[in-house]
Amino acid sequence: MKTHKKLLTSQLRWLLALCIILAFIPSTYAQNIANYVEVKGTIAESDSKDDIAKATVTLMGTNLSTVSNNEGEFALKIPATDTKKQLKITALGFNEKIILLPENLKKLLKIKLDYSIISLDPANLVAYTDAKALVKKVLNKRKDNYLGDKTVMTAFYRETIKKRSKNASLAEAVVNIYKQPNANSKKDQIRLVKSRKDTDYSKLDTIALKLQGGPFSTLYVDVMKYPEYIFSPETMDAYTFRFGKVSEINGENVFVVRFKQRGEVLTPLYEGSLYIGASSLALVKATYALKLDNTNEVNEMFVRRKPSDVKIKPRNISYEVNYREKNGRWVYGYSKADLSFEVKRKRRLFKSIYTLSCEMAVTDWQLATSNTSWEGNGEIDEYIIMADQNLGFGDPEFWGTYNVIEPEKSIESAIKKIQRRLERSEDRASLGGK
């Protein structure tokens, strides 16, 4: 048990660090699209009409892509010269769809995806009867199944902090990622290209919550690049593995392996699902959550510091990562982390519920040149805490040609409130200057 605890303390601290403190209240690899058009739409199930979140939308023949938000909405900015190309829409459990761009590009696309019909080769069922052995094989095939070249990725990052349902903090950024191959032990590097943040501390009730790590908090969720944060030779035996219901993506059958920590293991570990291509043995998606029974150890892992009169109880700590296929190889495409905590101060009757979320989607990528290096050249630190900088919230064209994850209604509402607050501040400053 002590071995597991030691490993978890050193490994998992990078997945997401939460700082709780008492409070009184341009890049070389930027997207280069001189003239572009924006295609918008919604993605839903063809039968139930339910929204499909985190579906990938790709401009075929390019690496330009985005993902749909939780309300099934997406927007993709593409070069004006590529309007005759097709869009490919993929989502786990659905048949992929390829569509031509409409003549009227201002028309909202309404895309319906059909559930896939699973037809698994019986030979595969016989070949893989040991779920744990399959996971080990997937980890061993990382070099074969994933892009073996260094890449420079453009990605969009968003983090939010809410007190119950009220948005208290919103940060967004376009970043460049210098992505190392999975077989390379070197860590990935990140540069900030453009960012904005606003925090309304009055909504945080004298407790200021900050996410340490910024974009790294989502990048380190990449299981295939950083498997040691969940599965290492020492921790593999602390889990049980079993097969779940088979799924499908991109026309390939997908094994679902469910895992959870053994009952006798007291150190907090994970439980979740791994989605593995039946023929390629590539991990195409993973979802997992930290077991929260041992509150004290969970707090040690995630809470860097707090006031002595504050008691914190974790409610949810979960992650998701998705990969995209390109010419038979898979690349990191999207990841997300969600945390929820109860915070109670002594001598106060009620407790507060805080929710922290961050997500990052790769919107473009290219192979790095042989002499590409960012060492000491503007990369951000993995301990970064996104700084307050509301510059840009009043500018509807702030992101320019960069692709972003479409804001959901709650985020749109938060941005509008920030804009109104900025306008009032400008008005007061103008009056004071007269």
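Any residue at all in segment 304-311 that is out of contact with any Ser or Thr (no Cβ under 8 Å at 6 or more places or on another chain), of a type outside the set (S, T, Y) and within 30 Å of D237 (Cα to Cα)? Yes: one or more hits. Output the residue which, of all residues in segment 401-423 that are open to solvent by less than 70 Å² (accessible area, probe 1.4 Å) and more than 22 Å from the chain's Cα centre (by Cα), is nearest to R164 (Cα to Cα). Across segment 401-423, the extreme among qualifying residues is I418. Scanning segment 305-319 for residues being out of contact with any helix residue (DSSP H, G or I) (no Cβ under 8 Å at 6 or more places or on another chain) and either of a type in the set (G, A, S) or surrounded by 20 or more Cβ atoms within 10 Å (Cβ to Cβ) (or both) gives a total of 3.
For segment 138-160, the set of residues classified as among the β-branched types (V, I, T) and either over 26 Å from F74 (Cα atoms) or over 15 Å from the mean Cα position of the chain (by Cα) (or both) consists of V138, T151, V152, listed by residue number. Out of all the residues in segment 84-115, which are of a type in the set (S, T, Y) and either closer than 19 Å to G333 by Cβ or surrounded by fewer than 13 Cβ atoms within 10 Å (Cβ to Cβ) (or both)? Once the filter is applied, which keeps residues that are of a type in the set (S, T, Y) and either closer than 19 Å to G333 by Cβ or surrounded by fewer than 13 Cβ atoms within 10 Å (Cβ to Cβ) (or both), segment 84-115 yields only T90.
If you check I353, I411 for being modelled with pLDDT of 90 or more, among the β-branched types (V, I, T) and more than 21 Å from E71 (Cβ to Cβ), only one passes: I353. Hey, does segment 338-349 have a residue that's buried (at least 19 other Cβ atoms within 10 Å of the Cβ) and within 27 Å of D188 (Cβ to Cβ)? Checked segment 338-349: at least one residue is buried (at least 19 other Cβ atoms within 10 Å of the Cβ) and within 27 Å of D188 (Cβ to Cβ).
If the condition is being more than 17 Å from D51 (Cβ to Cβ) and assigned to a strand (DSSP E or B), then segment 77-92 contributes K77, I78, P79, Q86, L87, K88.
When the helices (runs of 4 or more DSSP H) confined to segment 129-235 are screened for residues that are crowded, with 21+ Cβ neighbours inside 10 Å and among the hydroxyl-bearing types (S, T, Y), those reaching at least 2 such residues are found at 216-219. Might you check whether a residue that is modelled with pLDDT of 90 or more, within 20 Å of the chain's Cα centre (by Cα) and open to solvent by less than 10 Å² (accessible area, probe 1.4 Å) occurs anywhere in segment 29-48? Yes; the residues of segment 29-48 include at least one that is modelled with pLDDT of 90 or more, within 20 Å of the chain's Cα centre (by Cα) and open to solvent by less than 10 Å² (accessible area, probe 1.4 Å).
When D381, D364 are screened for being among the charged types (D, E, K, R), open to solvent by 20 Å² or more (accessible area, probe 1.4 Å) and part of a loop (DSSP other than H, G, I, E, B), only D381 passes. Within segment 228-268, the set of residues being within 30 Å of K97 (Cα to Cα) and of a type in the set (F, W, Y) comprises F243, F255.
The values are calculated or read from the model by the stated rules, or taken from the named source; none is laboratory data. For clarity, every value in this text was computed on a predicted model and none was experimentally measured. Note: ideal-geometry Cβ built from the backbone for every residue, glycine included; neighbour counts use all protein chains shown. Areas reflect the complete protein model, heavy atoms only, side chains present, ligands, DNA and RNA absent. Shrake-Rupley method; radii C 1.70, N 1.55, O 1.52, S 1.80 Å.
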